[in-house]
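Below you'll find the structure, written out as structure tokens, and then a few comments.
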Amino acid sequence: MSSCTEAARNRTRIWAIGKMSGWKNSSALLTYVKTKEFSGIKWSSDARKPSTLYAFVVAALATLSVRGQSTTFTPLTYAGVNIAGFDFGCGTDGTCDITQADPPLTQLGGSDGLGQMTHFINDDGYNIFRLPVGWQYLTDNVMTGTLNETMFANYNMLVAACLSTGAHCEIDIHNYARYDGEIIGQGGPSNEIFADLWYNIASYWKDESNVVFGVMNEPHDIPDIYTWAQSVQAAVTAIRTAGATSQIVLLPGNNYTSAETFVSSGSAEALNAVRNPDGTITNLVMDVHKYLDYDNSGTHAPCVTNNIADAWEPLSVWLRENGRQALNTETGGGDVTSCVAYVSQQIAYQAANSDVILGYLGWSAGSFATDYILSEVPTYNGTGWNDTLLVSAAMAPYVNGLVA
């Protein structure tokens with residue numbers, strides 16, 4: 001890793017912090033931090049060390065108090081990767097061809113998901129993985145909340161593998177708020193069926209504190225967001241009633257749970273009413289996604305934005321004003337230098353707002369081919385794993401130093 005690359009990465013972090021803190025000229029902020037706060041740091045090899053980068057951000061954020069503001073920096077709580085495969089065959093209409101599922105488990109004939117996760121933990125410093133699965137897979141193509149014993153056992157092999165690494169592991173129902181084209185609670189499966197699904201999942205994992213319950217992947221084109229919030233409430237109540245009383249539950253909004261429109265679409269307001277059975281909001285976390293390509297679709301390699309002004313800044317303001325937190329469970333870009341720069345800026349801003357943004361997860365590793373446009377799949381060379389450029393230069397916590 002060249003010193004030039006390191007210097008560029010540090011400048012992107014300074015840029016994001018400077019934008020957040022109100023400095024008009026990012027070059028001036030860079031000069032200030034470099035001369036006043038970092039006179040002893042070599043901006044090449046030293047900058048790769050997590051402790052150095054942590055100190056770097058702390059010192060940069062300390063400039064806020066110099067400018068009359070009081071801010072204490074703490075690192076992000078979570079960083080991780082999606083380990084996809086059980087969701088393959090699922091479309092945005094909520095249909096899932098379960099014959100296309102490609103479990104990332106060697107014991108089921110798939111890719112080495114456990115090896116990937118172990119590498120991500122030990123070599124990159126990640127601490128959370130998201131494990132997408134189709135509803136149809138879990139019930140063997142029956143629209144019910146009753147889990148098929150064989151299919152659920154297959155999926156639980158991945159959850160157990162994830163837990164064996166010591167990481168947090170998100171169970172993600174990857175159905176876009178639908179089952180076979182029909183919206184949950186709005187013409188499709190009833191809230192009672194949806195709640196039964198989550199009751200049965202949570203009952204199995206209720207004693208595992210590192211399990212995270214991702215209620216639904218990317219709802220979109222929901223006619224009534226308040227009715228959707230009632231469906232989310234039904235799932236939350238079922239999870240807590242099953243005995244999973246303390247784990248994180250993720251609450252997804254409309255428009256593919258976009259961080260940019262989470263407030264403006266009404267998702268934030270509607271989901272703000274969702275509560276635990278005891279009336280609290282403890283560990284009820286907003287679930288948001290944001291990509292960095294030109295149309296926010298996550299289907300193009302180049303990145304064109306850091307999303308700060310349009311998404312993370314207004315979302316952070318709302319979260320702070322309402323005492324809520326969010327987790328960015330999908331983000332990423334192509335394996336290109338534009339994404340290294342913009343993703344670094346995005347993560348730096350998230351870290352500067354770690355009181356309300358808990359962390360990020362890249363999309364995606366698992367069973368994807370290495371030439372998939374957003375691949376974060378590491379390759380095994382016979383003795384170790386090699387990461388993609390985006391992971392190794394921007395997203396890995398051991399590189400960016402922004403994660404606890």
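The values are calculated or read from the model by the stated rules, or taken from the named source; none is laboratory data. From a predicted model like this one, the values you see are computed outputs, not experimental measurements. A quick note on method: Cβ atoms are made from the backbone with ideal geometry, for glycine too, and the neighbour counts reach across all protein chains shown. With ligands, DNA and RNA removed, areas are computed over all heavy atoms of the protein, side chains included. Shrake-Rupley method; radii C 1.70, N 1.55, O 1.52, S 1.80 Å.
Evaluated against (1) open to solvent by less than 50 Å² (accessible area, probe 1.4 Å); (2) part of a loop (DSSP other than H, G, I, E, B); (3) under 21 Å from G94 (Cβ atoms), D221 falls short on exactly one condition, (1).
Could you check segment 257-283 and list, in sequence order, the residues that are surrounded by fewer than 21 Cβ atoms within 10 Å (Cβ to Cβ) and not in a loop (DSSP other than H, G, I, E, B)? E269, the sole residue that qualifies. Here N175 fulfils each of the conditions (1) open to solvent by 50 Å² or more (accessible area, probe 1.4 Å); (2) assigned to a loop (DSSP other than H, G, I, E, B); (3) on the phi < 0 side of the Ramachandran plot apart from (1). When residues in segment 330-344 are screened for being outside any helix (DSSP H, G or I) and more than 17 Å from the chain's Cα centre (by Cα), 2 of them pass. Take the conditions part of a helix (DSSP H, G or I) and either under 20 Å from A244 (Cβ atoms) or of a type in the set (A, V, I, L, M) (or both) and apply them to M157. Does it pass? Taking the combined requirement at face value, the residue satisfies it. For segment 224-239, a residue qualifies if it is farther than 14 Å from L284 by Cβ, open to solvent by 10 Å² or more (accessible area, probe 1.4 Å) and not acidic (D, E), and the qualifying residues are I225, Y226, T227, Q230.
Restricting the first member to segment 178-198 and to residues that are of a type in the set (V, I, T), and the second to residues that are open to solvent by 50 Å² or more (accessible area, probe 1.4 Å), the beta-carbon pairs closer than 8 Å and six or more apart or on different chains are I183/P223; I193/M143. Which of the residues spanning segment 284-300 are open to solvent by 10 Å² or more (accessible area, probe 1.4 Å) and within 23 Å of E269 (Cβ to Cβ)? Matches in segment 284-300: N296 only.
Could you check, for segment 157-177, whether at least one of its residues is over 18 Å from the mean Cα position of the chain (by Cα) and more than 30 Å from L76 (Cβ to Cβ)? No: segment 157-177 contains no residue that is over 18 Å from the mean Cα position of the chain (by Cα) and more than 30 Å from L76 (Cβ to Cβ). Taking the criterion of being at pLDDT 95 or above, open to solvent by less than 20 Å² (accessible area, probe 1.4 Å), assigned to a loop (DSSP other than H, G, I, E, B) and closer than 22 Å to Q247 by Cα, would at least one residue in segment 188-209 satisfy it? Within segment 188-209, none of the residues are at pLDDT 95 or above, open to solvent by less than 20 Å² (accessible area, probe 1.4 Å), assigned to a loop (DSSP other than H, G, I, E, B) and closer than 22 Å to Q247 by Cα. Taking segment 301-327 only, how many residues are touching a Gly at 6+ places or on another chain (Cβ under 9 Å), in contact (Cβ under 8 Å) with a residue 60 or more places away in the chain and surrounded by fewer than 18 Cβ atoms within 10 Å (Cβ to Cβ)? Total meeting the criteria: 1.
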